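One structure is given below, encoded as structure tokens.
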Amino acid sequence: TGLLTTAANRLGETTALGKMSSSKASVLLATEPLWAALFAAWLLDESLGWSDAAGGALMVGACLCNAAAPQEVRALLGIRTRPDEDEVGPL
């Protein structure tokens, strides 16, 4: 079982990640615990609590913020920048 669950998984994951952009791969890897929890709830009848839902929402929110342009995130959060600040500078 170790060969199937670990080695085959790593081979498939490495092959698939090599065929996509690094930004998509980072989102996929960052949400891996979320997918594991959802599949455990679906396939194994594991129960998920409010803290699990909150953690999943934070992970999805972080991925969305990472994928969005900095100006969009600032506008959504109501953060104003000074005119002399660079676009790539700190929030």
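For this structure, a couple of remarks:
- Considering only Ile79, Ala40, Ala16, the residue lying farthest towards the positive end of the dipole of the chain is Ala16, judged by Cα position with unit charges set on Cβ.
- Inverting the pair-averaged 1/r between distinct Cα atoms of the chain gives 16.2 Å as its Kirkwood hydrodynamic radius.
- Helix runs (DSSP H) in the chain reaching 18 Å along axis by Cα, Kyte-Doolittle at least -0.5: 50-67
- Charge tally for Trp35 (other residues, Cβ to Cβ under 14 Å; Lys, Arg +1; Asp, Glu -1): -4.
- CD proxy at 222 nm, helix term only [per DSSP H run n ≥ 4: -39500 (n - 2.57); per residue of the chain; nearest 500]: -19500 deg cm²/dmol
Laboratory data are not the source of any read-out in this text; all were calculated from the coordinates shown. Because the structure is predicted, anything quoted here is derived from the model rather than measured. As a convention, Cβ positions derive from the backbone with ideal geometry for all residues, glycine included, and neighbour counts pool all protein chains shown.
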